[in-house]
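Chemist: I have a structure here, written as structure tokens, and I will follow up with some questions on it.
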Amino acid sequence: MPRYDFRSPRLYVEAALAEGATVALDTAQAHYLGTVLRRKSGDRVLVFNGRDGEWSATVAASKRPAAALRVGAKTRAQSAPADLHYWFAPLKAARLDYVVQKAVEMGASRLQPVLTRHGQVTRVNTERMRANAIEAAEQCGILALPDIEPPLAFARLLAARDPARRLVFCDEDAEVTDPTAALSGLPRSPLAVLIGPEGGFAEDERAALLRQPNVIRLSLGPRILRADTAAVAALALVQAVIGDWR
Ligand code: SAH
């Protein structure tokens, strides 16, 4: 793993970044930096905006309303985002926060909520998803934020799907077989991983998925995992066997 600076706080900002620029901090950022992290004028932080790479900056003022950073030298070039889509039946608030954070840490580049028959959640706060994605990106060091998509009905998602993007369908009803063997040897291709709702997939949803081209039906072992556990397990497997962990 490249030796990034993980000791300085890393902040996502919207503003363009260039040496000498001054970046104003919003209320939440000023609170986080000044009150939670107790950083004062002159302290070092890192900033990124998803476009211009990562930059070293110093706190110019940590108190609202003048809270601001002064941008110094570039520390890392902008890296290309990963290419791993994560499709998931949305969960209730706290567990949705968790799943979004973990999916970003695991390298998901697009978060796509999918509304299935047995899902219990139909409304998704995409702003909150974005805030969680930013928090995870700040924490894990990636420089590109994932795309956050609005929820889509299962049938529409399948109809709009690009068949060239292999879909790893995590099916609690699949026969238990070695998941490493099921994934290894596949040619490199864009991927999507699908995790169902707490209520599982309906039979017709499962049948529709299995009729689709370029779908791998994957078992995650002999126990039923909660959807948030399944998310981390499936993304870890995919990243380890055919993704960017190798
Ligand atoms: N209520 C369902 C379980 C759903 S678990 C039941 O009791 O059968 C939520 C989702 O996590 C599933 O839809 C699936 O995508 C994933 N999942 C959980 N355990 C799994 C396993 N052992 N194998 C594959 N996928 C699993």
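The values are calculated or read from the model by the stated rules, or taken from the named source; none is laboratory data. No experiment lies behind these values; they were computed from the predicted model shown. Note that we place each Cβ from the backbone using ideal geometry, even for glycine, and neighbour counts take in every protein chain shown. Keep in mind that these areas ignore ligands, DNA and RNA; they rest on the heavy atoms of the full protein, side chains included. Shrake-Rupley method; radii C 1.70, N 1.55, O 1.52, S 1.80 Å.
Chemist: State all residues of segment 111-147 that are in contact (Cβ under 8 Å) with a residue 40 or more places away in the chain, outside any helix (DSSP H, G or I) and in contact with a strand residue (DSSP E or B) (Cβ under 8 Å, 6 or more places away or on another chain); if no residue qualifies, say none.
Modeler: 112, 114, 141, 143, 145, 146
Chemist: Scan segment 200-210 and tell me whether some residue there is open to solvent by less than 40 Å² (accessible area, probe 1.4 Å), under 17 Å from the mean Cα position of the chain (by Cα) and not assigned by TED's automatic domain parsing to the domain that holds residue 45.
Modeler: No, that holds for no residue.
Chemist: Also, I was wondering about something else. Please list, ordered by first then second residue, the pairs with beta carbon atoms under 8 Å, 6 or more apart or interchain, first in segment 19-41 and touching a residue at least 60 places away in the same chain (Cβ under 8 Å), second assigned to a helix (DSSP H, G or I) and open to solvent by less than 30 Å² (accessible area, probe 1.4 Å).
Modeler: none
Chemist: Please state which one of 242, 142 is under 18 Å from residue 99 (Cβ atoms) and of a type in the set (Val, Ile, Thr).
Modeler: On the way: 242 fails: under 18 Å from residue 99 (Cβ atoms).
Result of the check over 242, 142: 142.
Chemist: Considering only residues that are in a loop (DSSP other than H, G, I, E, B), open to solvent by less than 30 Å² (accessible area, probe 1.4 Å) and under 14 Å from residue 30 (Cα atoms), which ones fall in segment 50-83?
Modeler: The answer is 62, 67.
Chemist: Moving on to the next point. In segment 167-195, which residues are within 12 Å of the ligand (Cβ to nearest atom), open to solvent by 10 Å² or more (accessible area, probe 1.4 Å) and not hydrophobic (A, V, I, L, M, F, W, C)?
Modeler: Scanning segment 167-195 gives 172, 173, 175, 177, 179.
Chemist: If you don't mind, there's one more thing I want to ask. If a residue must be in contact with a strand residue (DSSP E or B) (Cβ under 7 Å, 6 or more places away or on another chain), outside any loop (DSSP other than H, G, I, E, B), within 14 Å of the ligand (Cβ to nearest atom) and more than 15 Å from residue 244 (Cβ to Cβ), how many such residues does segment 84-110 contain? Steps first, answer last, please.
Modeler: Start the filter on segment 84-110 by keeping residues that are in contact with a strand residue (DSSP E or B) (Cβ under 7 Å, 6 or more places away or on another chain), which leaves 84-90, 99-100, 103, 107-110.
Filter once more, keeping what is outside any loop (DSSP other than H, G, I, E, B): 84-88, 99-100, 103, 110.
Filter once more, keeping what is within 14 Å of the ligand (Cβ to nearest atom): 86-88, 99, 103.
Now drop any that are not more than 15 Å from residue 244 (Cβ to Cβ), which leaves 87-88, 99.
Total meeting the criteria: 3.
Chemist: For segment 223-246, enumerate the residues that are more than 7 Å from the ligand (Cβ to nearest atom), open to solvent by 40 Å² or more (accessible area, probe 1.4 Å) and over 18 Å from the mean Cα position of the chain (by Cα).
Modeler: Correct list: 246 only.
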